[in-house]
């Protein structure tokens, strides 16, 4: 799982929860109670680009 931000890219912790919605997903990493939105690829890889903190409601609205 990778995080892609403005001018940065780095590995993220292993996901605890992944909610897939077609090619988009919401991910909660282990030991991080925030939700991240990203792309879910057929090979199971995830690239996240935005964070919603602990607010699952807002993360779902962002889809």
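The values are calculated or read from the model by the stated rules, or taken from the named source; none is laboratory data. Quantities reported herein were computed from a predicted structural model and do not represent experimental measurements. Note that we place each Cβ from the backbone using ideal geometry, even for glycine, and neighbour counts take in every protein chain shown.
Considering region 1-41, the residues that are closer than 18 Å to residue 63 by Cα and exposed (fewer than 11 other Cβ atoms within 10 Å of the Cβ) include one that is farthest from the chain's Cα centre (by Cα), namely 22. Evaluating residue 19 against the criteria (1) assigned to a strand (DSSP E or B); (2) at pLDDT below 90 leaves one unmet condition, (2).
Considering every residue within region 39-58, establish whether at least one is in contact with a helix residue (DSSP H, G or I) (Cβ under 7 Å, 6 or more places away or on another chain) and modelled with pLDDT of 95 or more. Scanning region 39-58 turns up no residue that is in contact with a helix residue (DSSP H, G or I) (Cβ under 7 Å, 6 or more places away or on another chain) and modelled with pLDDT of 95 or more.
Residues satisfying the criterion are present in region 45-52 (criterion: part of a loop (DSSP other than H, G, I, E, B) and surrounded by 11 or more Cβ atoms within 10 Å (Cβ to Cβ)).
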